[in-house]
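Working notes for the structure below.
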Amino acid sequence: MNRTIAISAAAAAAALLLGTYFITSGTKSDDKFAQCRSAAVAGELGGPFELVNAQGQTVTDKDVITEPTLIYFGYTYCPDVCPLDVDRNASAIEILEERGTMVTPVFISIDPARDTPEVVGEFAEVMHPRMIGLTGSAEQVKVASMAYRTYYKAHEAVDDEYLVDHSTFSYLVMPEEGFVEYFRRETTPEQMADQIGCFVDQL
C-alpha cells in the first residue's frame with residue numbers, strides 16, 4: 001500500500017470514528033446558529049487545553065481563542081494532506097479578511113516529537129502571517145486532541161522517518177460560545193468563508 005493510499009485510508013477511518021459523534025440533521029430550536037450549521041454535534045466537543053506556542057511559552061485555550069478561531073490538527077512533516085488543508089484554511093481566512101471579518105487560524109501539531117515550537121512556528125508563519133502554531137508535550141497534545149475528538153497514530157519509524165495517520169477536520173471555535181462547527185476536507189475556501197461569516201454574523 002503506497003503512502004497516499006495509506007493516508008487516505010486512515011483519514012476515512014478517522015472520519016468514520018468521528019462520524020459516530022456527528023448527527024447530520026436536526027438542531028435545537030433555540031440554537032442561534034441553526035441557520036449556519038451543516039451538522040449538529042451529539043455531546044460536547046472542544047474544551048480546555050494547555051500547549052506551547054512558537055515562542056516556547058505555555059498558553060491555554062483562553063489565551064489563543066480570543067476571537068473566532070479556526071483550528072486544525074496536523075503535523076509539519078505531513079507530505080500532502082496537511083499542507084493542502086492548512087492552505088485551504090488560510091485562503092478562507094484571507095477571504096474573510098477582505099470582507100472585514102477577522103478569524104484566527106490555529107495549527108496544533110499531533111507530532112510533538114519532531115514539531116518543536118520553532119518548527120511549528122515557522123510552518124504556521126509560512127502558511128499565514130497570523131496563524132498560531134502550537135505544540136507541546138505528548139500528554140498536552142493528547143489532552144487537546146481528546147477535547148476535539150481527533151484521531152492520530154504514528155507509524156513505526158524507518159530510518160527515523162515516519163508518517164502519522166490523523167483526522168482532517170477543521171474546527172470553528174468562538175471565545176464565548178466554544179466549538180460551533182466543523183469542516184470536512186472537501187469544503188472549499190469560499191464555502192468555508194461563507195459559513196464562518198454566517199456564524200460571526202449571529203454573534
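Among Lys32, Lys153, the sequence by solvent-accessible area, most first, with a 1.4 Å probe is Lys153, Lys32. By definition, a body whose alpha carbon gyration tensor gives a ≥ b ≥ c is oblate when a/c is 1.5 or more and a/b is not larger than b/c, and the stretch 135-203 fits this oblate description. Taking 0.36 nm per residue of sequence separation and removing the Cα-Cα distance, the Glu156/Gln202 pair yields an extension gain of 12.0 nm. Cross-link partners for Lys153 among the aspartates and glutamates, with Cα-Cα distance under 19 Å and sequence neighbours closer than 8 places in the same chain left out: Asp80, Asp85, Asp111, Asp115, Glu139, Glu161, Asp165. Under 15 Å from a label point set 7 Å out along the Cα-to-Cβ vector of Ser38, the amide N atoms of the stretch 170-187 belong to 170-173, 180-187.
For Thr76, neighbours were defined as the other residues whose beta-carbon sits under 12 Å from its Cβ, and their charges (Lys and Arg +1, Asp and Glu -1) total -4. Accessible area per residue (1.4 Å probe, heavy atoms of protein chains only) ranks Val126, Val143 as Val126, Val143, with the largest value leading. With a ≥ b ≥ c the root eigenvalues of the C-alpha gyration tensor of the stretch 40-80, is it rounded (a/c under 1.5), prolate (a/b larger than b/c) or oblate? It comes out oblate by the Cα gyration axes. Ligands, DNA and RNA aside, Arg130 has an accessible area near 70 Å² when probed at 1.4 Å. Report, in whole Å, the centroid distance computed from the Cα atoms of the stretch 162-184 and the stretch 34-96. Cα centroid of the stretch 162-184 versus Cα centroid of the stretch 34-96: 5 Å apart. If the label point is 7 Å along Cα→Cβ of Gln55, which residues in the stretch 84-120 have backbone nitrogen under 14 Å from it? Taking a point 7 Å out along Cα→Cβ of Gln55, the residues of the stretch 84-120 whose backbone N falls under 14 Å are 118.
Normalised by the number of residues in the stretch 128-203, the average gap of Cα pairs under 8 Å and 6 or more apart makes the relative contact order 15 percent. Computed with a 1.4 Å probe on the full set of protein chains, the accessible area for Asp159 sits at about 140 Å². Within the shell defined by Cβ-Cβ distances under 14 Å, the residues around Val143 carry a net charge of -1, with Lys and Arg each +1 and Asp and Glu each -1.
The values are calculated or read from the model by the stated rules, or taken from the named source; none is laboratory data. Everything numeric here is computed off the predicted structure, so don't read it as measured data. Here Cβ is always computed from backbone atoms with ideal geometry, including for glycine, and neighbour counts include all displayed protein chains. Accessible surface areas use protein heavy atoms only, side chains included; no ligands, DNA or RNA. Shrake-Rupley method; radii C 1.70, N 1.55, O 1.52, S 1.80 Å.
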